[in-house]
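The values are calculated or read from the model by the stated rules, or taken from the named source; none is laboratory data. Predicted, not measured: the structure shown is a model, and the values here were computed from it. Positions of Cβ are generated from backbone atoms using ideal geometry, with glycine treated the same way; all protein chains shown enter the neighbour counts.
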Amino acid sequence: MKILYGIEAAPLKKTVVSMRPKLELLHARPLDTARVAKTDIACYGYRQAIQLPKTNAASVLAVSEAGGPAAVSNRVGKGTAILCGFLPGFAYVRPAIPMWPFGRGGDEDLSAFIPTGYDAAIRSVFQGWLNSAGIVSPVACSEPLVEATLLKGNDGKYRIALVNFTLEPLKSVKVTTRGLPFRQAVDAATGEGGGAAPDFEMPLFQFAVLRLEP
């Protein structure tokens, strides 16, 4: 793995057994901060001190407070290996969760709370890393809080499951597809609709399943 990532070593510092977003994360203090351009990403609970070799070293994507590499990228064959020396999901989720109690009932209780206010800057950083590595999703949505899952049925036709996590009905969501053989997208249950390939727009309440018709 060291050769794959282009590193010498990456010893791990771990200060927690678990880091549940609505419990431990709320009260955690960052071990470090990773900086990518003008974006600071707090490192909670886990941190790897990435060390680079003198030759054939990976490219640095993010630096720690001390100036060392916090995330690196390494070209290998036809692909790219990215190693992040921290778990960025914690910093991405943390701003979306209020400092409420868990499991005590009442209006301000985290038990049934669904977060939506994720850190858009962190999302942009990692989307940029994936794009630069040539990783492209076959299905993407204009609204980042709409989850799109590509499925293939026994009939050989593709389905797209859309789940709306914004907690609000959306009048229009643009669905972009790449490399999928279809003529139009219809509602899998009713056969209605008719979004044309490769990109189309549609309203979305809570969820929808589309069938891609060749």
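Quick one: in region 151-175, which of the residues that are in contact (Cβ under 8 Å) with a residue 24 or more places away in the chain and among the aliphatic types (A, V, I, L, M) is nearest to S73 (Cα to Cα)? This residue is V175.
Would you point out the residue of region 28-62, among those that are touching a Lys or Arg at 6+ places or on another chain (Cβ under 9 Å) and surrounded by fewer than 15 Cβ atoms within 10 Å (Cβ to Cβ), that is farthest from A91 (Cα to Cα)? Filtering first and then ranking leaves P53.
Screening region 163-207 for residues that are assigned to a loop (DSSP other than H, G, I, E, B) and among the hydroxyl-bearing types (S, T, Y) and picking the one that is surrounded by the fewest Cβ atoms within 10 Å (Cβ to Cβ) gives T190. Looking across region 10-27, the residues that are surrounded by 15 or more Cβ atoms within 10 Å (Cβ to Cβ) and in contact with a strand residue (DSSP E or B) (Cβ under 9 Å, 6 or more places away or on another chain) come down to A10, M19.
Of all the strands (runs of 3 or more DSSP E) wholly in region 1-103, which have at least 1 residues that are farther than 25 Å from S132 by Cβ and assigned by TED's automatic domain parsing to the domain that holds R123?
Working: elements: 12-14, 32-36, 39-43, 46-48, 59-63, 69-76, 79-84.
Once the strands (runs of 3 or more DSSP E) in region 1-103 are filtered for at least 1 residues that are farther than 25 Å from S132 by Cβ and assigned by TED's automatic domain parsing to the domain that holds R123, what remains is 12-14.
Determine, yes or no, whether W129 is surrounded by 14 or more Cβ atoms within 10 Å (Cβ to Cβ) and assigned to a helix (DSSP H, G or I). Judged against the criteria, W129 is a match. Among the criteria (1) under 30 Å from E8 (Cα atoms); (2) at pLDDT 95 or above, the one P98 does not fulfil is (1).
Would you point out which residue out of G128, G156, G117, G195 is more than 30 Å from L23 (Cβ to Cβ), assigned by TED's automatic domain parsing to the domain that holds D40 and among the small types (G, A, S)? The unique qualifying residue is G128.
Every condition in (1) assigned to a helix (DSSP H, G or I); (2) within 20 Å of R29 (Cβ to Cβ) holds for S124 except the one numbered (2).
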